[in-house]
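Asks: Below you'll find the structure I mean.
The values are calculated or read from the model by the stated rules, or taken from the named source; none is laboratory data. Because the structure is predicted, anything quoted here is derived from the model rather than measured. For neighbour counting, all protein chains shown are included, and Cβ atoms are generated from backbone atoms with ideal geometry for every residue, glycine included.
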Amino acid sequence: MNKFTKQCVAAVASLAMAGTLCVAGAVVAGSSAWATPSVDTNGTKGNTTLDKDSGTPDYGNAPWNLGDQATTKTGSITIYKWKSETADGKQKKETPVEGAGFTIKKIKSIGDTEINLNNYSAWMKITESVAKLNADSVTTDAHDTSNKLKVTYDNTFTLGEGKTNANGVVKFKDLPLGLYRVWESTVPKGYSAAEGGKAFYMTLPMIEKVTSAAAQGGTTTTETKYNYAPFVDPKNVDLSGAVTKTQDLTHTVGAGDTIEYTIKAKLDKSRAKNDEDSKVKAEEFKGYTVYDLAPAGYFESYGSDVVKEIKVGDNDLMKLNDGKTYYKVGEATDVAAPADSSDVARKKISITFTDDGNQKLADEVNKEANVGKFVYVSVKFTFKLKDSATLGSKKVTNKASILPSHKPGSTVPDEIPSDNPPSTDFATFKIKKVSSKDDSALGGAKFRLFAVEADAKACTELIKSGKTSASTGQDLTDYNAKCVTPSSTGFGEKTTADKTEANKSTLGETDAYSVKRGTAFYVVETVAPTGYIRNPDVTNVTVDAAETTKTITVKNIPDSGNGGKGWLFNLPKTGAAGVVIFALAGVCLVCFGIFVFMRNRKKDEEQQAA
C-alpha cells in the first residue's frame, strides 16, 4: 500500500491536468462502462517477489481521451490479500490470506461536484479532497455539521461482497469509471483488520509513473500511464496464539480463597523499520480491547476491583499518577451458556484504552528496542472463590479474548480467543482425627490449611514455642501473623466434630471443604483434642486429578495421667496395694526384730542375776 502512495505523489508532481488520488495507501483510478459488474474469485496467487508488482497492469488512454470508449470503457480492481510478515525491515508477500471479504461502493458526487472522471473538474475535486478521503472522514448526511467530506453514492451501482480465495485474491471486474470506496467488510478469522478496518479509495484508471529499462547505450525513460486494472496488497496481522491466560494457585487452597489470573495479549500493530515513516500512530489502536471471560457464579465479585495490574511492556498503567486516564474497566456483562452446553455462562469484563492509553501503546511499539517485534499488554486479575457449597467437586475454567484494533464505525473483527484457557478442578476434602492407641475418633482437634509449605512449617514451629490462639499480647500478635494470616481464608480454623449428627457432622471429622486438585497444600494441627498431644508434623496433601473426594487421617498420642496410671503402661505408684503390702511386711519384720532383741536381753539379765 505504501508503494501506491509514492506512485501517487510522483504522478501529482508530473501531471498538470490529470490529478491523482492516494487514499489509505492506494492510488485512485477511473473508468466507465455499461457492462454488468461482477466478482471474480478465480484469481491466481500474486507475484511474491518484493520488488515486483503482485498483478499485471492494463494500460490505456487517459480517461479524458477515450473518444468513442468514454461511455463503454471498463476496468477492474483486484485485491491480493497477504499475511503481514517482514524480512529485513521490509513487508513480505509470502502467505496469502483466504476469507477476507471486501465491499466497494461507487461515489456519485463530492459536495455539489459530480464525479465523472471524463471531466477535468472531477479530478480537481478528488485531488482537493484527498486528505479527508485518506482519513475516511466522509459522511452521506447532508445535514452533518462536522468537518467531514459530504458524499453521495451511486445507488444504481450494486455489487455484493467478494471474498478472497485460497490464493488470497478477489477481483471486482467490469467496473464503470469512477471513484470507489473499498473496505474490508469481513475480517478473516484469526486476523486483525487491515489498516485497522479503515476504508480506502481508488479511481479507475490508476494514474502511474512508469519507468522503463534503458535501451542499450541509452537512459531510462519515465512516462505517465493509466492503469485500468489496478490492484492493492492489504496485509492482515495473524493473531492466532495472540492471547494466553495463566493462573497462579500460589495462594489458593480452595473455596473462599483468592485465585490469580494473567492475560497476555499481543498488540496487533508493530513497527517494521527504525524510521519515522514506520512509526505506528496512536489512532491505529482504536477499538483494541482485552476481555476476561470469567465463569458466572463461581466468584464473589466481578467488579472493576478484580483488576490489579494493566501493563504495557514494563509500564503498569494503574500506577501512573500523572492525572491522565489510560484505560477503562467495563462493567461485567452476561454471556449466556451455549445451547449445546459446551460451556458455562460467563461474565465478560472489558479493558479498553483511552486516547492517552492508545498513545502509550504506540509509544511502546515505537521504541527502538521493539522494532520488528510484537509488544504485549498484560492484565492481572484476582478473584475470590465462592463457598464449598457452590464449588463442590466442579471445574472452574477462566477464558479470555481480544478484539483487534478497528476504526469506530468500520467492520468489527471477530474476537481472538485465548489458547488453552486455565482450569482448576475441585474436590471435597475432610480431616479425620483419631487416637494412635486404638484409632478411635476424636472430637475437638483444630486445623488450618496452607498453600505454601514454608508458611505451614513456620506456624507449627511457633506453636511449639508455646504461642497459640489462647495467648495474649505480643504472643497472640505473633500467632496471628504466622498462623492466621498466611493460612487459607476460606477454610479458616476447622474443628473435628465431637459427635455424629445426621446430615450435619461425623464424630472426629471436620466439615467438608472444596480444595484444589493436582497441586499440594499443607495441613497443620493447631489445637489437640483433650487428653492428647498435638501432632507437630506438617501433613502434605495432594488430591489426585481423578479424585472428587478425599479424607485424610491425622493421629494423636495420648498425654500422661490416664486414670492415675503412667503413659500407656500400668506402673505402681505410692498408695497402691503392692506398696501397702510391702509396708506391712516391713513393719512385721521390725516388730519381730524388736521381739527377738527384747527376749535375748531378758535371758542375759537372768543369767547375770544367777
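Asks: Check off (1) surrounded by 19 or more Cβ atoms within 10 Å (Cβ to Cβ); (2) assigned to a strand (DSSP E or B) for Thr222 and give me the number that stays unchecked.
Replies: Here Thr222 clears every test but (1).
Asks: Among the residues of the range 496-510, is there at least one that is outside the structural domain of Leu385 (by TED's automatic domain parsing) and under 25 Å from Thr250 (Cβ atoms)?
Replies: yes
Asks: Can you tell me which of (1) modelled with pLDDT under 95; (2) of a type outside the set (Asp, Glu); (3) assigned by TED's automatic domain parsing to the domain that holds Phe383 is the one Ser436 doesn't meet?
Replies: The failed condition is (3).
Conditions (1) closer than 29 Å to Thr48 by Cβ; (2) modelled with pLDDT of 90 or more, marked per residue:
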{"residue": "Thr140", "(1), (2)": "no, yes"}
{"residue": "Thr145", "(1), (2)": "no, no"}
{"residue": "Val151", "(1), (2)": "no, yes"}
{"residue": "Thr158", "(1), (2)": "no, no"}
{"residue": "Glu161", "(1), (2)": "yes, yes"}
{"residue": "Gly168", "(1), (2)": "yes, yes"}
{"residue": "Lys173", "(1), (2)": "yes, yes"}
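Asks: With a cut-off of at least 2 residues that are under 23 Å from the mean Cα position of the chain (by Cα), name the strands (runs of 3 or more DSSP E) lying wholly within the range 369-482.
Replies: On the way: elements: 376-384, 395-397, 399-403, 423-435, 446-450.
So the answer is 376-384, 395-397, 399-403, 423-435.
Asks: Still on this structure, I have one more. Please work out if Gly323 is among the small types (Gly, Ala, Ser), under 27 Å from Lys384 (Cα atoms) and free of Cβ contacts under 8 Å to residues at least 40 places away in the same chain.
Replies: no
Asks: Restricting to the range 325-361, name every residue that is among the basic types (Lys, Arg) and either surrounded by fewer than 17 Cβ atoms within 10 Å (Cβ to Cβ) or at pLDDT below 95 (or both).
Replies: Lys328
Asks: Which residue is nearest to Pro422 (Cα to Cα), if the candidates are limited to the range 532-542 and must be of a type outside the set (Asp, Glu) and assigned to a loop (DSSP other than H, G, I, E, B)?
Replies: Only one residue tops the list, namely Thr542.
Asks: Can you name every residue in the range 232-281 that is in a loop (DSSP other than H, G, I, E, B), farther than 22 Å from Phe374 by Cα and either of a type in the set (Gly, Ala, Ser) or modelled with pLDDT under 95 (or both)? Quick ask: steps written out before the conclusion?
Replies: In the first step, residues of the range 232-281 are kept if they are in a loop (DSSP other than H, G, I, E, B); the result is 233-234, 237, 239-242, 249-253, 255-257, 267-275, 279-281.
Next, from what is left, pick out any that are farther than 22 Å from Phe374 by Cα: 249-253, 255-257.
Thr250, His251, Ala255, Gly256 - these are the residues of the range 232-281 that are in a loop (DSSP other than H, G, I, E, B), farther than 22 Å from Phe374 by Cα and either of a type in the set (Gly, Ala, Ser) or modelled with pLDDT under 95 (or both).
Asks: Could you go through the range 271-279 and let me know if any residue there is of a type in the set (Ser, Thr, Tyr) and crowded, with 19+ Cβ neighbours inside 10 Å.
Replies: Of the residues in the range 271-279, the ones of a type in the set (Ser, Thr, Tyr) are 278.
If we keep only those that are crowded, with 19+ Cβ neighbours inside 10 Å as well, we get none.
The answer is no; no qualifying residue exists.
Asks: Name the strands (runs of 3 or more DSSP E) wholly inside the range 80-178 in which the number of residues that are among the hydrophobic types (A, V, I, L, M, F, W, C) and in the same structural domain as Met202 (by TED's automatic domain parsing) is 3 or more. Write out each step before concluding.
Replies: On the way: elements: 101-110, 149-153, 169-175.
So the answer is 101-110, 169-175.
Asks: Moving on. If we scan the range 500-509, do we find a residue that is more than 26 Å from Gly392 (Cβ to Cβ) and more than 30 Å from the chain's Cα centre (by Cα)? Give the derivation first.
Replies: Initially, the range 500-509 is screened for residues more than 26 Å from Gly392 (Cβ to Cβ), giving none.
No, the conditions are met nowhere in the range 500-509.
Asks: For residues that are surrounded by 23 or more Cβ atoms within 10 Å (Cβ to Cβ) and more than 20 Å from Ala332 (Cα to Cα), tally how many sit in the range 378-429.
Replies: So the count comes out to 7.
Asks: Every residue in the range 518-539 that is touching a helix residue (DSSP H, G or I) at 6+ places or on another chain (Cβ under 7 Å) and over 24 Å from Ser505 (Cα atoms), please.
Replies: Pro536, Val538 - these are the residues of the range 518-539 that are touching a helix residue (DSSP H, G or I) at 6+ places or on another chain (Cβ under 7 Å) and over 24 Å from Ser505 (Cα atoms).
Asks: Something else about it: Report yes if some residue within the range 208-229 is among the β-branched types (Val, Ile, Thr), touching a Lys or Arg at 6+ places or on another chain (Cβ under 9 Å) and farther than 30 Å from Ile107 by Cα; otherwise report no.
Replies: Checked the range 208-229: at least one residue is among the β-branched types (Val, Ile, Thr), touching a Lys or Arg at 6+ places or on another chain (Cβ under 9 Å) and farther than 30 Å from Ile107 by Cα.
Asks: Quick test of your reading of the structure: Tyr201 fulfils all but one of (1) touching a Lys or Arg at 6+ places or on another chain (Cβ under 7 Å); (2) at pLDDT 95 or above; (3) part of a strand (DSSP E or B). Name the failing condition by number.
Replies: Only one criterion in (1) touching a Lys or Arg at 6+ places or on another chain (Cβ under 7 Å); (2) at pLDDT 95 or above; (3) part of a strand (DSSP E or B) is unmet by Tyr201, namely (2).
Asks: Quick one: how many residues across the range 483-531 are at pLDDT below 95, part of a strand (DSSP E or B) and of a type outside the set (D, E, K, R)?
Replies: Summing the residues that are at pLDDT below 95, part of a strand (DSSP E or B) and of a type outside the set (D, E, K, R) in the range 483-531 gives 1.
Asks: Right, next: Pick from Ala502, Ala497, Ala512, Ala528: which is closer than 19 Å to Ala427 by Cα and hydrophobic (A, V, I, L, M, F, W, C)?
Replies: Within the list Ala502, Ala497, Ala512, Ala528, the selection yields Ala512.
Asks: Also: Only one of Thr86, Thr78 is more than 14 Å from Leu177 (Cα to Cα) and at pLDDT 85 or above; which? Walk me through how you get there before you give the answer.
Replies: Working: Thr86 fails: at pLDDT 85 or above.
Result: Thr78 is the single residue among Thr86, Thr78 that is more than 14 Å from Leu177 (Cα to Cα) and at pLDDT 85 or above.
Asks: While we're here: Looking at the range 447-476 only, could you name the residues that are touching a residue at least 40 places away in the same chain (Cβ under 8 Å), in contact with a helix residue (DSSP H, G or I) (Cβ under 8 Å, 6 or more places away or on another chain) and aliphatic (A, V, I, L, M)?
Replies: Ile463
Asks: Kindly indicate the residue of the range 282-296 that is part of a helix (DSSP H, G or I) and of a type in the set (Asp, Glu) and also nearest to Gly357 (Cα to Cα) among those meeting that condition.
Replies: Looking at the filtered set, the residue picked out is Glu283.
Asks: Which one is surrounded by the most Cβ atoms within 10 Å (Cβ to Cβ), of the residues in the range 478-537 that are under 24 Å from Asp387 (Cβ atoms), touching a residue at least 24 places away in the same chain (Cβ under 8 Å) and among the acidic types (Asp, Glu)?
Replies: So, considering only residues that are under 24 Å from Asp387 (Cβ atoms), touching a residue at least 24 places away in the same chain (Cβ under 8 Å) and among the acidic types (Asp, Glu), the one surrounded by the most Cβ atoms within 10 Å (Cβ to Cβ) is Glu525.
Asks: Given the criterion within 26 Å of Lys467 (Cβ to Cβ) and modelled with pLDDT under 95, identify the matching residue among Gly561, Gly586.
Replies: Answer to the check: Gly561.
Asks: Is there a residue in the range 81-88 that is closer than 28 Å to Asn47 by Cβ, among the aliphatic types (A, V, I, L, M) and in contact with a Lys or Arg (Cβ under 6 Å, 6 or more places away or on another chain)?
Replies: At the first step, the residues of the range 81-88 found to be closer than 28 Å to Asn47 by Cβ are 81-88.
Remaining after also requiring among the aliphatic types (A, V, I, L, M): 87.
Right, trim to in contact with a Lys or Arg (Cβ under 6 Å, 6 or more places away or on another chain) and you get none.
No; the residues of the range 81-88 include none that is closer than 28 Å to Asn47 by Cβ, among the aliphatic types (A, V, I, L, M) and in contact with a Lys or Arg (Cβ under 6 Å, 6 or more places away or on another chain).
Asks: What are the residues in the range 339-362 that are assigned to a helix (DSSP H, G or I) and within 16 Å of Asp268 (Cβ to Cβ), if any?
Replies: Gly357, Asn358, Lys360, Leu361, Ala362 - these are the residues of the range 339-362 that are assigned to a helix (DSSP H, G or I) and within 16 Å of Asp268 (Cβ to Cβ).
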